[in-house]
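Every read-out reported here was derived from the displayed coordinates using simple, explicitly stated rules and does not represent laboratory data. The model shown is predicted, which means the values in this text are computed figures rather than measured ones. Neighbour counts run over all protein chains shown; Cβ positions are idealised from the backbone, glycine included.
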Amino acid sequence: MIDHDQLFKELISTFFLDFLQLFLPNLASTIEPDSICFLQQEYFADLTVGEEKIIDLLVEVKQAGQEAAFLIHIEAQSRSESNFSRRMFFYFARLHQKYLQRIYPIVVFSFDQPYREESSTYTVEFPRRKVLEFSFEPIQLNQLNWRDFLNQPNPITAALMSKMRIAPEDRPKVKAECLRLLATLRLDPAHTKLISGFVDTYLNLNTVEEQVFRSELDRIEPVEREEVMEIVTSWMQQGIEQGIEQGIERERSLILRLLDRRVSPLPEVVQAQVNALSIEQLESLGEALLDFSSLADLEQWLAE
């Protein structure tokens, strides 16, 4: 299962100022970069649903020329949820009570459907009295056209285009454009891997789409195409390594089950020895265990 909230949290916290510059440029232009401070996670008991909720991101910042800091609260919401605006108000009220600071709430709606515009206000009112009107900054990705962001030289753009509203036939092209933009940014390997992994998670192509994707890569300028192919090659190598690791773990698990049936029970110290074997040693053990009749035979084999 994909942990959507964690993926978005890691992306936005890594490129926090870039995120603000893309979606809230007026606010971003006033923030002192050296003042940015990520606060520890906040846990709240949500009595309405009987669950414990965790604030996604809480950041303390200062604006140029001002002494007083304020908080930016960002929530990544991966599914449409009734009464979500009310829950955001509850977060706001509790954070305001605890910190007694101004709070700028932002929500990134990242679900693919529904396409309707999500509510961003919560009000409490009577016929002649409005008691409360709370609102937050909504960023609903499926309301955004990815084509409008093609020329935005921003790492957040390179990642989030993969979650904007995309026609099914455009998926390979969008993936190619995400990587083209990423290649032009020339980020360090760790940041490049973070964004490319994000894109590959949300634009995981089938066989037919993969062929179209390759055709789209051929249309990219040669210099940029070379950078993109390095990223794609890195994906392929990572996939091969993961496949090898998974294969080893499957073989190790099978051998442990066979040993457990043949010389049961296996002491923990013996299991630890088997877990430490290399792939070549596991293959040898897989052949040898057919002749084992007792735990002593296994222990002797391991000793040798």
Quiz item: Each label point is 7 Å from the Cα along the Cα-to-Cβ direction; what then is the distance between the points at Arg186 and Phe38, in nm?
Solution: 2.7 nm
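Which number gives the lysine pairs in the chain that have C-alpha atoms under 17 Å apart and are eight or more places apart or on different chains? If you can, show how the numbers build up before the last one.
Details: Lys9/Lys53; Lys9/Lys163; Lys9/Lys193; Lys53/Lys98; Lys163/Lys173; Lys163/Lys175; Lys175/Lys193.
Taking the Cα cut-off of 17 Å, the pair count is 7.
I need the calculated FRET efficiency for the pair Asp5 and Asp112, taking r as the beta carbon distance and R₀ as 25 Å, to the nearest 0.05. Don't jump to the answer; show the numbers that get you there.
Numbers: r = 15 Å, r/R0 = 0.62.
Working from the Cβ atoms, E equals 0.95.
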Self-check item: Among Asp148, Asp291, Asp170: highest mean-square fluctuation, GNM of the chain, C-alpha pairs under 10 Å
Solution: Asp291
Exercise. Work through the residues other than Ile72 whose Cβ is under 15 Å from its Cβ and net out their charges, Lys, Arg +1 and Asp, Glu -1.
Key: -4
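Within a Cβ distance under 13 Å of Pro267, other residues only, what is the Lys/Arg minus Asp/Glu net charge? Walk me through the numbers before you get to the answer.
Details: positive: none; negative: Asp260, Glu268, Glu299.
Taking every Cβ under 13 Å from that of Pro267, the sum is -3.
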Quiz item: Expressed as a whole percent, how much of the Cα-Cα distance distribution for the chain exceeds 29 Å?
Solution: 54 percent
Quiz item: If the label point is 7 Å along Cα→Cβ of Glu133, which residues in the stretch 79-122 have backbone nitrogen under 18 Å from it?
Solution: 85-86, 89, 105, 119-122
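When the dipole is taken about the Cα centre of the chain, and only Lys, Arg (+1) and Asp, Glu (-1) are charged at their Cβ, what size is it in debye, to the nearest 20? Present the calculation step by step, with values, prior to reporting the outcome.
Numbers: 30 positive and 49 negative charges, 331 e Å.
Once rounded to the nearest 20, the dipole reads 1600 debye.
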Quiz prompt | Given charges at beta-carbon only (K, R positive; D, E negative), |dipole| of the stretch 1-143 in Debye | solution = 660 debye
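List the equivalent ellipsoid semi-axes of the stretch 23-154 in whole Å, largest first, each obtained as the square root of 5λ for an eigenvalue λ of the Cα gyration tensor.
Details: eigenvalues 115, 101, 50 Å².
Computed over the stretch 23-154, the values are 24, 23, 16 Å.
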Exercise. Taking the dipole about the Cα centre of the stretch 1-143, with the C-beta of Lys and Arg at +1 and of Asp and Glu at -1, give me whichever of Phe90, Gln140, Gln63 is farthest to the positive side.
Key: Phe90
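Show me the ranking of peptides 65-78, 112-125 by mean Cβ neighbours inside 10 Å, starting with the highest.
On the way: 65-78: 16.5, 112-125: 12.9.
Highest mean packing first, the order is 65-78, 112-125.
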Practice problem: Tell me what the chain gives for mean residue ellipticity at 222 nm when only DSSP H runs of n ≥ 4 count, each as -39,500 (n - 2.57), the sum divided by the residue total, rounded to 500 deg cm²/dmol. | Solution: -16000 deg cm²/dmol
Quiz item: Fewest first, what order do Met229, Met164, Met88 take by the number of other Cβ atoms within 10 Å?
Solution: Met229, Met164, Met88
Quiz item: Which distance in nm do the two modelled labels at Glu169 and Asn206 give, with both placed 7 Å along the Cα-to-Cβ direction?
Solution: 1.6 nm
Quiz item: So for the pair Glu67, Lys193, with labels modelled 7 Å out along Cα→Cβ, what separation do we get in nm?
Solution: 4.5 nm
Exercise. Towards the positive end of the charge dipole of the chain, with charges on Cβ (+1 Lys, Arg; -1 Asp, Glu), say which of Gln271, Leu185, Leu17 has the farthest Cα.
Key: Leu17
Quiz item: Gaussian network model of the chain, Cα springs within a sub-10 Å range: biggest mean-square fluctuation belongs to which of Pro33, Pro168, Pro153?
Solution: Pro168
Quiz item: What residue among Arg171, Arg94, Arg128 has the largest mean-square fluctuation in a Gaussian network model of the chain, using Cα springs under 10 Å?
Solution: Arg128
